[in-house]
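Chemist: For reference, the structure I am asking about is given below.
The values are calculated or read from the model by the stated rules, or taken from the named source; none is laboratory data. Since the structure is predicted, the reported quantities are computational estimates derived from the model, not experimental observations. All Cβ positions, even for glycine, are placed from backbone atoms using ideal geometry, and neighbour counts span all protein chains on display. Side chains are part of the model used for accessible areas, which takes the heavy atoms of the whole protein and leaves out ligands, DNA and RNA. Shrake-Rupley method; radii C 1.70, N 1.55, O 1.52, S 1.80 Å.
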Amino acid sequence: MAEKRDFLMLELSTFCVFAGRAWQHIFWDAPYRELFWDAKWMQGMIESLTPFTWEEYVTHPMGDIWFQRAIMAIGVFYAICAISAFFVKKYPMLKWLMWAGAASLVFLAFVYLKDHFFHVGQFFEYTLQFSSPIFLTAAVATRKVNKKQVFWMKIALALTFACHALYAIGYYPRPGYYTEMTMNILGIENSAAVRFLLVAGALDFVVAVGIFSPQKFSKWILLYAVFWGFATSVARIVGNFYWDFPLDSLNQWVYQAVFRFPHFFIPLLLFYKTIKRHSPTVVAAN
């Protein structure tokens, strides 16, 4: 029963990150242009591997159309990966699709890293997302979630929460939508929202360290991580929902919540593993 629950958590986590990214790529956009239209990075490659000059490459009338079609194709690939997450246990050959999807998510995280001035925290904030399909394939290979996998899940969780904290406390420039969402949800002023985010960031650091503490402490810290991971995910919807145009609000923000669902599914799995490992043993009397 516990193994089925563990696999379900991993399947849901993997499905959600791929489904959310699929929606983003098919119906919205992704910042690949920040890399592929950057002359410093790509000009030499384009001019050596294609018949186009750099100017022809960036000004070709069909260029942006092809680029958008390529982004949509990546979205379709993510959709296939999302569905496959529920079948990889039965058909282990699908693990290669999971690995390819994970590699694509790592590349996407790198693109966001470049788009955010190479703030290292921006890349590692996505750790739980791009590692979810890896954790799933690892569990399929061992037919269970073992202690080694639990350790690496904790590493991924710590990186995700710590890097999120770096933005919340203002170590990196705090995104305006962090403050705006907090104000909209809690109904507070800007200064109070900033103070709230400072406290939330400090607690993120507590999570990053505390999950490695003894069970009597870590189980409660993991339970908080489940709550906070869920809250910060659905905050994208709650903080940006407008009754004047509800469908547009949902279309724009639901997928951004969904691909963050690993932020609470993985802590939930770890919470169950922690309380199970330390549950008292009942010895039957002879």
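Chemist: Assigned to a helix (DSSP H, G or I), in contact with a helix residue (DSSP H, G or I) (Cβ under 8 Å, 6 or more places away or on another chain) and surrounded by fewer than 17 Cβ atoms within 10 Å (Cβ to Cβ) - does that describe any residue in region 124-146?
Modeler: Taking region 124-146 first, the residues assigned to a helix (DSSP H, G or I) are 124, 127-142.
Within this subset, residues satisfying the condition of being in contact with a helix residue (DSSP H, G or I) (Cβ under 8 Å, 6 or more places away or on another chain) are 124, 127-142.
Subsequent filtering for residues that are surrounded by fewer than 17 Cβ atoms within 10 Å (Cβ to Cβ) retains 141-142.
Looking through region 124-146, at least one residue is assigned to a helix (DSSP H, G or I), in contact with a helix residue (DSSP H, G or I) (Cβ under 8 Å, 6 or more places away or on another chain) and surrounded by fewer than 17 Cβ atoms within 10 Å (Cβ to Cβ).
Chemist: Which one is nearest to ALA22 (Cα to Cα) among residues in region 112-121 that are in a helix (DSSP H, G or I) and hydrophobic (A, V, I, L, M, F, W, C)?
Modeler: Narrowing region 112-121 to residues in a helix (DSSP H, G or I): 112-115, 120-121.
Still in the running and hydrophobic (A, V, I, L, M, F, W, C): 113, 120.
Working: LEU113: 20, VAL120: 25 Å.
Among those that are in a helix (DSSP H, G or I) and hydrophobic (A, V, I, L, M, F, W, C), it is LEU113.
Chemist: Do any helices (runs of 4 or more DSSP H) lying entirely in region 1-111 carry at least 1 residues that are basic (Lys, Arg), within 25 Å of PHE265 (Cα to Cα) and open to solvent by 50 Å² or more (accessible area, probe 1.4 Å), and which ones are they?
Modeler: On the way: elements: 2-27, 33-36, 39-49, 54-59, 63-84.
Of the helices (runs of 4 or more DSSP H) lying wholly inside region 1-111, those with at least 1 residues that are basic (Lys, Arg), within 25 Å of PHE265 (Cα to Cα) and open to solvent by 50 Å² or more (accessible area, probe 1.4 Å) span 2-27.
Chemist: Can you name every residue in region 160-197 that is under 22 Å from PRO262 (Cβ atoms) and among the small types (Gly, Ala, Ser)?
Modeler: Within region 160-197, ALA162, ALA165, ALA168 qualify.
Chemist: Being out of contact with any Pro (no Cβ under 6 Å at 6 or more places or on another chain), modelled with pLDDT of 95 or more and over 26 Å from MET9 (Cβ atoms): is that true of PHE118 here? Spell out how you get there, then give the answer.
Modeler: Values: out of contact with any Pro (no Cβ under 6 Å at 6 or more places or on another chain): yes; modelled with pLDDT of 95 or more: yes; over 26 Å from MET9 (Cβ atoms): yes.
For PHE118, the condition - out of contact with any Pro (no Cβ under 6 Å at 6 or more places or on another chain), modelled with pLDDT of 95 or more and over 26 Å from MET9 (Cβ atoms) - is met.
Chemist: (1) over 30 Å from GLU3 (Cβ atoms); (2) modelled with pLDDT of 95 or more: which one isn't true of VAL58, the others all being true?
Modeler: (2)
Chemist: Looking at PHE36, PHE87, PHE18, which one is within 21 Å of PRO133 (Cβ to Cβ) and touching a residue at least 24 places away in the same chain (Cβ under 8 Å)?
Modeler: Working: PHE36 fails: within 21 Å of PRO133 (Cβ to Cβ); PHE87 fails: touching a residue at least 24 places away in the same chain (Cβ under 8 Å).
Answer to the check: PHE18.
Chemist: Is it the case that LYS154 is basic (Lys, Arg), open to solvent by 50 Å² or more (accessible area, probe 1.4 Å) and touching a residue at least 60 places away in the same chain (Cβ under 8 Å)? Talk me through it step by step, then tell me what you get.
Modeler: Details: basic (Lys, Arg): yes; open to solvent by 50 Å² or more (accessible area, probe 1.4 Å): no; touching a residue at least 60 places away in the same chain (Cβ under 8 Å): yes.
Here the answer is no, as LYS154 does not meet what is asked.
Chemist: Still on this structure: Any chance region 33-49 includes a residue that's touching a Gly at 6+ places or on another chain (Cβ under 6 Å) and among the hydrophobic types (A, V, I, L, M, F, W, C)?
Modeler: Step one: list which residues in region 33-49 are touching a Gly at 6+ places or on another chain (Cβ under 6 Å), which gives none.
Checked against the condition, which is being touching a Gly at 6+ places or on another chain (Cβ under 6 Å) and among the hydrophobic types (A, V, I, L, M, F, W, C), region 33-49 yields no hits at all.
Chemist: Would you mind telling me which numbered condition in (1) open to solvent by 20 Å² or more (accessible area, probe 1.4 Å); (2) within 25 Å of GLY20 (Cα to Cα) PHE161 fails?
Modeler: Only one criterion in (1) open to solvent by 20 Å² or more (accessible area, probe 1.4 Å); (2) within 25 Å of GLY20 (Cα to Cα) is unmet by PHE161, namely (1).
Chemist: Does ILE188 fit the bill of being without any contact (Cβ under 8 Å) to a residue 12 or more places away in the chain, more than 16 Å from LEU128 (Cβ to Cβ) and not acidic (Asp, Glu)? Spell out the reasoning first.
Modeler: Numbers: without any contact (Cβ under 8 Å) to a residue 12 or more places away in the chain: yes; more than 16 Å from LEU128 (Cβ to Cβ): yes; not acidic (Asp, Glu): yes.
Yes, satisfied.
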